[in-house]
1. By average Cβ neighbour count within 10 Å, what is the ranking of 689-695, 68-74 from highest down?
2. Output wanted: per-residue J couplings in Hz (rounded whole) for region 715-728, from phi through Karplus 6.51 cos²θ - 1.76 cosθ + 1.60, θ = phi - 60°, x for Gly and Pro.
3. Translational diffusion coefficient of region 559-654 at 4 °C, 1.567 mPa s, Stokes-Einstein with Kirkwood Rh over Cα pairs, in µm²/s as a whole number.
4. Note the direction-averaged projected area, equal to a quarter of the hull surface, for the Cα convex hull of region 80-189, in nm².
5. Convex hull volume of the Cα atoms in the chain, per residue, in Å³?
6. List the residues whose amide H sits under 5 Å from the amide H of Trp515, counting only those 5 or more places along or on another chain, with H placed 1.01 Å from N in the peptide plane.
7. Compute the angle between helix 406-448 and the longest alpha-carbon principal axis of the chain, please, reported from 0 to 90 degrees and rounded to the nearest 10.
8. Return the Cα extents of region 153-255 along principal axes one, two and three, sorted largest first, each rounded to a whole Å.
Amino acid sequence: MRAILLGFALGVWGLQQQARLPDGIAWFAVCAAFVVAMTLGAMKARLRIASFVIGACALGFAYAAMRAEVRLREQLPIAYEQRDIELTGFVRGLPEQQADGTRFLFEVEANGAGLRNFPSIVRLLWPSPDRATLRAGERWTLTARLKRAHANANFGLRDAEASLLERGIRATGNVSAAHAPRRLSPDATGPRLMIDRLRERMRDRIENVLGRAPHRGIIVALAVGAQDAVSDADWAVMRATGTSHLVAISGLHIGFVAGLAALIVGFVWKRLRLRGVPAPLIAAAPKVAAAGAAVFAACYAALAGFNVPAQRTLCMLLILAVAFLCGRRPASSLVLLWALVIVLVADPWAVTSPGFWLSFCAVAAILHAIASAGRFESRAQPEDRDDIDQWDRVDPSEVGQRPAHSATRTVLPAFARFCRRARRHVTSSVRVQYAVTIALAPLTVYWFSQIPLLGPLANAFAIPWISVLVTPATLAGLLLPAPLDAPMLLAAHAALSLLCDGLSRLADAVPSPLWVLPRPDAFALAAACIGVAWALAPRGWPLRFAAPLTWLPLLAPAAHPTPVGAFRVTALDIGQGSALVVETARHTLLFDAGPGPESTHAGECIVVPYLQAAGIRALDALVISHSDSDHAGGAPAVLQSIAVRQFLASLPAKDALWPNARARGAQTLRCAAGQRWTWDGVEFRVLWPEPGPLSGKPNYQSCVLRVTNAAGRAALFAADIEADVERALIARERDALRADVLIVPHHGSRTSSTEPFLDSVGPFVAIFQVGYRNRFHHPHPTVFARYQMRDIALSRSDEDGAARSEIGSQITFERYRQSHARYWMAR
């Protein structure tokens, strides 16, 4: 049975790796594989298990494909993107307050365009109102400008479009200010909306009691699973100490609530009388306690919004409760696998989520470690019992002779038993923490390119502190009516403040609390997972001490190093803006850092994670072409997270980035024509701006960089220069502009990429870094056609995602959405 359940899960996972959904031939092959496998399994006992596993795999693949077909059927036609469309529907989930307005999910009941298969769920941003203006379940008629579900796509980073697909969000957009929204009545109804309204009321109660308390967001997250109010400072401390999982309603919290509910329900049931009959005579107290635990766990999981860890825990608890009520005791591993299948049946896209892998692998590691330790303790139990029973042995000759020692013979065995139980509890806790730390380390590196070194120590006291003090006080505050809720919520916040202060001091005490590692490839990840199972094997397993050797590939530098005399250019997909990574054999340069907090947080959310995933711990040079926020906005995040040796920029003298870079230990230098240096046989040469004081608008001041390898192949980074600068460069030194790879000037605006400039450069490859349906309408159709007429290989980040070019004696070119295609892209 375990193998069959795993086979189904493998089939679901396999579908999510496909570049396209099955066509008629593929469907015929899947159905034939299922029929043949089931027939062989029924006819031949020797092949039964293997055949049923193959059949389950085909079934999982087919089920996920059918779910995908249904979900992708809803889509916004391209012709209707960024057009005003009147929508009628209701608010779903909890609206989130953002710096630029309120973000919320809107379930569409009717659209003014009369389109069929219109997205049923859209994510909207309403720029003007406060979050209190929108309430869960309210019906509205509003006008919105929508775009198809789209997200940035970059090498080594998670595909955010999969997350949108998992949540059923098939379009995003803004509420138009040109037409005033109208609230309709009555409000929408339904079980899900009842839960949303309950969560909203609980959030409001917490915010009314705690006001502007510094850690109010964590209390809200623990109560209703909404994390938008958690401050950046709290997130930074949690990430540094490896305790971010405690901010959400995870399986740990639901399990604790279930256990607490079982104790309370069992205690009350044993003392309850119904019509004069003791309640335990009607139904056994353990069974009532199990049912109560399942009910309370379901309620708490509903408050969490049924995220993947909550689903996993709830499924396991329900399976155990039903089995216990039926007088069965299934194996823990079987319960976990049934929960796995149930979660995938409800959400086939869960396998694309880090929470899915971290949650199930953590529980599997705990069960594996407990089972291994249990087998060892079962062999060691008789010897341990002899150590305690020796206190109960009494010499018959001493009976009646020394009565003064009778108290000692009563206290010492009890104390020994207490010490033994305490030792077992501590040993078990340490074993579980060790198992979870070891098991999740490879997955943490794969998903986040880092390991929190303080995680085991911080979780050792943070987990019991949150479970025993903060969470019960928070739940008590939600269950108690006003004004009795205020003392409990304030007590929960006070306990949380002590914990956050301790975690902050712990993070500050260690210079580098996060161990940054490159994202592992398939071989390194597989070897590390084998090493985890090896390390957690029972005592006596051969060569357990050698398990750490299998983790060495995790420490290896990024694959495919650049040879001497060649270089690699990666144009990141950061929306409307620019960020380029240039790698030689032993050096790395970042040209521009993308938008910052004023826009998409690309510096923090894309540029820094990409550098870490690529194994780049330090930049030999950070070049900021000019002061526009879509080029310089992400620089503070880069300076904060990545060591920078030299900061080269074309910025005004009063720009805040200059002292920021010096404070981080970087050598600062103004970008000026004539500067050149060589790394690993690759020459870097600055072509613009002219030396002397900066003048003109920022685009005129843009730093232009040309990179040339030993074979004479070159790449030209033109930033946001326009026609006047292009003419000046041609007049100064036309031959210096020749390049094989061109980063298109000013994102392809109509004021740049003139005919003489393109003739001078003569590129084979041109890369447009533009945002999807950006408000500037870059690239301009005329300019784009100008490139197409020259038979240049083109890449647009809004369509192709990130682009990468290996420039040696030959040039190779890769577009992310082609080399890493998934069936939901461009759908």
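1. Values: 689-695: 13.0, 68-74: 14.7.
In descending order of packing, they fall as 68-74, 689-695.
2. Values, residue by residue: 10, 10, 9, 9, 6, 10, 5, 10, 4, 5, 5, 4, 5, 5 Hz.
3. Working: Rh = 13.2 Å.
Taking Rh from Cα pairs, D becomes 98 µm²/s.
4. Its Cα hull, projected and averaged over all orientations, spans 7.5 nm².
5. Details: hull volume 197.8 nm³, N = 827.
Dividing the Cα hull volume of the chain by its residue count gives 239 Å³.
6. So Trp515 has HN proximity to Ile451, Leu453.
7. 20 degrees
8. In descending order, the Cα extents are 46, 44, 31 Å.
Read-outs throughout are calculated quantities, based only on the coordinates presented, and are distinct from any laboratory measurement. Note that the coordinates shown come from a computational prediction; the quantities given were computed from them, not determined experimentally. In this analysis, Cβ positions are derived from the backbone assuming ideal geometry, glycine residues included, and neighbour counts consider all displayed protein chains.
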